[in-house]
Amino acid sequence: MIKWLFFDLGSTLIDETECEEYRFNDLLKQSNVLTREAIKEKYREYIFKNQSPYKAIIKEFNLEKKEWPIHLEKLYSEVPFLLEQLQRKYHLGIIANQSLGTEKRLEEYGIRKYFDIVISSSEVGMTKPSLEIFKLALSTARCLPNEAYMIGDRLDNDVEPAANLHMHTIWVKQGLFADSNLNSIENQPDIIVNSISEILNHL
């Protein structure tokens, strides 16, 4: 019996489209070698390997890394309704790689009230895909792995580690990593959806 749903944040509940456009344009400004099409091809190459394309390109071409433009993040419009519906049936939690102040940002989005547990990497000193951050969330929730779903946009950070602990998994194919390679992980997601709102059709 499923009791808990754990969510990632970036590109799962939070729309990072403008953040990624900012980073893409930053690479274009910095590099006198890479054209727009060349950067797009590099993005496809690294995403297919489940690697952050921005970080990989910065390293490959020795460019300057800019701070993540957190001010450009916004909530997917359907998220409040989704969480309100799911909270009627399940306990909800967050397991996310986030900077300090995660709970404050959730308050500002108006969705903190839906979550019983918020586990943020910067606050607990662990990052996904380490199994330890998932174990911490499960122990805090007093939840067995097979009583929970992990819901996220990353095969490597969300689906694979959660499945290794025998949690159920949902891959949300939205955001930058929508075209990731399913063959890159051993444990396939139990459910695949093309947008966060679609999970209401499965849970």
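The values are calculated or read from the model by the stated rules, or taken from the named source; none is laboratory data. These figures come from a predicted structure and were not determined experimentally. Ideal geometry is used to build each Cβ from the backbone, glycine not excepted, and the neighbour counts take in all protein chains shown. When the accessible area is computed, the model is the full protein with side chains, heavy atoms only, and any ligands, DNA or RNA have been set aside. Shrake-Rupley method; radii C 1.70, N 1.55, O 1.52, S 1.80 Å.
Worth pointing out:
- Among the residues making up the range 174-196, those that are part of a loop (DSSP other than H, G, I, E, B) and either of a type in the set (Ser, Thr, Tyr) or touching a Ser or Thr at 6+ places or on another chain (Cβ under 7 Å) (or both) are Gln174, Gly175, Ser180, Pro189, Asp190, Ser195.
- Members of the range 126-146 found to be in contact (Cβ under 8 Å) with a residue 12 or more places away in the chain and open to solvent by 30 Å² or more (accessible area, probe 1.4 Å), listed by number: Thr127, Pro129, Ser130, Leu131, Lys135, Leu136, Thr140, Pro145, Asn146
- Residue in the range 150-159 that is in contact with a strand residue (DSSP E or B) (Cβ under 6 Å, 6 or more places away or on another chain), touching a residue at least 60 places away in the same chain (Cβ under 8 Å) and either of a type outside the set (A, V, I, L, M, F, W, C) or farther than 24 Å from Ser77 by Cβ (or both) present: yes
- Test: residue in the range 66-79 that is at pLDDT 95 or above and among the polar types (S, T, N, Q): yes
- Count - residues of the range 160-174 that are open to solvent by less than 40 Å² (accessible area, probe 1.4 Å) and touching a helix residue (DSSP H, G or I) at 6+ places or on another chain (Cβ under 9 Å): 10
- Test set (1) over 30 Å from Ser139 (Cα atoms); (2) open to solvent by 20 Å² or more (accessible area, probe 1.4 Å); (3) out of contact with any Pro (no Cβ under 7 Å at 6 or more places or on another chain); (4) in contact (Cβ under 8 Å) with a residue 12 or more places away in the chain - Arg36 fails condition number: (4)
- Lys55 meets each of the listed conditions (1) surrounded by fewer than 15 Cβ atoms within 10 Å (Cβ to Cβ); (2) over 19 Å from the mean Cα position of the chain (by Cα); (3) part of a helix (DSSP H, G or I) apart from (2).
- Top-ranked residue in the range 1-33 [being in a helix (DSSP H, G or I) and among the polar types (S, T, N, Q); ranked as surrounded by the fewest Cβ atoms within 10 Å (Cβ to Cβ)]: Asn25
- Test: residue in the range 102-125 that is open to solvent by 60 Å² or more (accessible area, probe 1.4 Å), over 15 Å from Thr12 (Cβ atoms) and among the β-branched types (Val, Ile, Thr): no
- Positions within the range 177-203 being open to solvent by 40 Å² or more (accessible area, probe 1.4 Å) and closer than 26 Å to Glu45 by Cβ, in sequence order: Asp179, Leu182, Asn183, Ser184, Glu186, Asn187, Gln188, Ile192, Asn194
- Residues within the range 62-80 that are in a helix (DSSP H, G or I) and either without any contact (Cβ under 8 Å) to a residue 12 or more places away in the chain or open to solvent by less than 60 Å² (accessible area, probe 1.4 Å) (or both), tallied: 4
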